[in-house]
1. Starting from segment 40-56, keep only residues that are touching a residue at least 40 places away in the same chain (Cβ under 8 Å) and on the phi > 0 side of the Ramachandran plot, then list their pairs with residues that are part of a strand (DSSP E or B) and open to solvent by 30 Å² or more (accessible area, probe 1.4 Å) whose Cβ atoms are within a distance under 7 Å, requiring at least 6 positions of separation or different chains.
2. Give just the number: which of (1) free of Cβ contacts under 8 Å to residues at least 40 places away in the same chain; (2) within 24 Å of residue 44 (Cβ to Cβ); (3) in contact with an Asp or Glu (Cβ under 6 Å, 6 or more places away or on another chain) does residue 119 not satisfy?
3. Which number in (1) out of contact with any His (no Cβ under 9 Å at 6 or more places or on another chain); (2) farther than 17 Å from residue 141 by Cβ; (3) of a type in the set (S, T, N, Q) marks the one condition that residue 127 misses?
4. Consider segment 119-154. How many of its residues are out of contact with any Leu (no Cβ under 7 Å at 6 or more places or on another chain), open to solvent by less than 80 Å² (accessible area, probe 1.4 Å) and either not in a strand (DSSP E or B) or not hydrophobic (A, V, I, L, M, F, W, C) (or both)?
5. Of the conditions (1) touching a Phe, Trp or Tyr at 6+ places or on another chain (Cβ under 9 Å); (2) within 30 Å of residue 145 (Cα to Cα), residue 46 fails just one. Which one is it?
6. Wholly within segment 1-118, which helices (runs of 4 or more DSSP H) include no fewer than the required count, namely at least 3 residues that are in contact with a Pro (Cβ under 8 Å, 6 or more places away or on another chain) and within 30 Å of residue 143 (Cβ to Cβ)?
7. Which of the residues that make up segment 70-104 are in contact with a Ser or Thr (Cβ under 9 Å, 6 or more places away or on another chain), within 30 Å of residue 128 (Cα to Cα) and open to solvent by 60 Å² or more (accessible area, probe 1.4 Å)?
Amino acid sequence: MVTGSGPAERVRDVVAPVVAHAGLHLEDVQVAPAGRRTVVRIVIDLDDDAVGSLDADTLAIVSRGISAALDAADPVKGAYVLEVSTPGTGRPLTELRHFRRARTRLVRLALHDGSVAAGRLLEADANGLVLADGDATVTLPFSSIARGTVEVELSHIESQEEDA
């Protein structure tokens with residue numbers, strides 16, 4: 001996704017190869033004025049099939065690569081501030097790739113019929129999602145889902161750390 005045109009598209013063309021070379025997904029590019037400067041926001045994420053989250057060391061390495069590529073190509077006129085981040089857990093789940101990335105996480109889904117479903121996301125593909133809700137599993141067609149969110153759960157993180 002590219003938010004904006006012109007400069008955002010030029011920035012995307014420069015940073016996309018850097019992000020792809022790192023095996024990551026370029027989620028969004030925004031170029032917006034901020035006073036006398038411009039803010040360049042790049043959002044990157046793990047590949048669709050990855051489970052987990054992008055670690056800070058990888059984010060820093062890719063950020064340096066993006067910065068170097070932007071310095072070399074100079075797609076933004078004048079001074080700019082570069083912000084490179086991940087979508088974070090607050091990102092709404094609206095695309096299949098978002099749901100695939102949220103596998104193993106506790107999710108809350110808003111369905112097109114107005115109802116809500118919640119559970120641990122076990123599977124996500126073009127046909128639908130499989131949620132574990134207690135001892136039962138529920139399969140929902142992807143077409144029935146309006147959007148979803150990842151629920152933050154500290155107890156799940158703590159139990160994973162204890163198992164490590």
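1. Going by the 7 Å Cβ cut-off, there are no qualifying pairs.
2. (2) is the only condition that residue 119 fails.
3. Condition not satisfied by residue 127: (2).
4. 3
5. Going through the list (1) touching a Phe, Trp or Tyr at 6+ places or on another chain (Cβ under 9 Å); (2) within 30 Å of residue 145 (Cα to Cα), residue 46 breaks only (1).
6. Values: elements: 7-21, 56-73, 96-101.
Qualifying helices (runs of 4 or more DSSP H): none found.
7. 89, 90, 92
Quick grid of which residues meet (1) open to solvent by 80 Å² or more (accessible area, probe 1.4 Å); (2) at pLDDT 95 or above; (3) of a type in the set (Asp, Glu):
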{"residue": "8", "(1), (2), (3)": "no, no, no"}
{"residue": "14", "(1), (2), (3)": "no, yes, no"}
{"residue": "19", "(1), (2), (3)": "no, yes, no"}
{"residue": "27", "(1), (2), (3)": "no, no, yes"}
{"residue": "37", "(1), (2), (3)": "yes, no, no"}
{"residue": "42", "(1), (2), (3)": "no, yes, no"}
{"residue": "68", "(1), (2), (3)": "no, yes, no"}
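The values are calculated or read from the model by the stated rules, or taken from the named source; none is laboratory data. Since the model is a prediction, treat every value here as computed from it, not as a measurement. Positions of Cβ are backbone-derived with ideal geometry, glycine not excepted, and every protein chain shown enters the neighbour counts. Quick note on the areas: whole protein, heavy atoms, side chains included, nothing else; ligands and nucleic acids left out. Shrake-Rupley method; radii C 1.70, N 1.55, O 1.52, S 1.80 Å.
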